[in-house]
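In what follows, a single structure is set out as structure tokens and then discussed.
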Amino acid sequence: MSYGKAHLEERLRRILAEEIQALEDPRLFLLTVEAARLSPDGGLLSVYVEAFRDQEGALEALAHAERRLASALGRRVRLRRLPRLEFLPWNPEP
């Protein structure tokens, strides 16, 4: 992975973490954005999250807010093509 891609993924992760904190959904209480991985073509951003309480509820809330979060990314990061967001549970490998 190139430095540019890793830097962009980290920047997208930070922006999403800030925007998710701004959402007023109780299902997103104590949610952590662990990682963000951009597909090779840049069309899909896989966002790995970990919820303290209800993981499924948090994933539903994020799916519901996907357009709002994508819009926030578009405002804060200049990209040729805005990636589609995919929220996945964080499963650290042992």
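Values in this text are rule-based calculations from the coordinates and carry no lab data. Fair warning: this is a prediction, and the values are worked out from it, not measured in the lab. We place every Cβ from the backbone using ideal geometry, glycine too, and count neighbours over all the protein chains shown.
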Taking the Cβ of residue 53 as the center, what net charge do the other residues with Cβ under 14 Å away carry, scoring Lys and Arg +1 and Asp and Glu -1? -4
Work out how much length residue 29 to residue 66 would gain on full extension: take 0.36 nm times their residue separation and subtract the Cα-Cα distance, in nm to one decimal. 11.6 nm
Against the 2.2 N^0.38 Å scaling, with N counting residues, where does the chain land? I'd like the Cα-based Rg ratio to two decimal places. 1.03
What list of ³J(HN,Hα) values in whole Hz, one per residue of segment 34-39 in order, does the Karplus curve 6.51 cos²θ - 1.76 cosθ + 1.60 (θ = phi - 60°) give from phi, with Gly and Pro shown as x? 7, 7, 9, 10, 8, 5
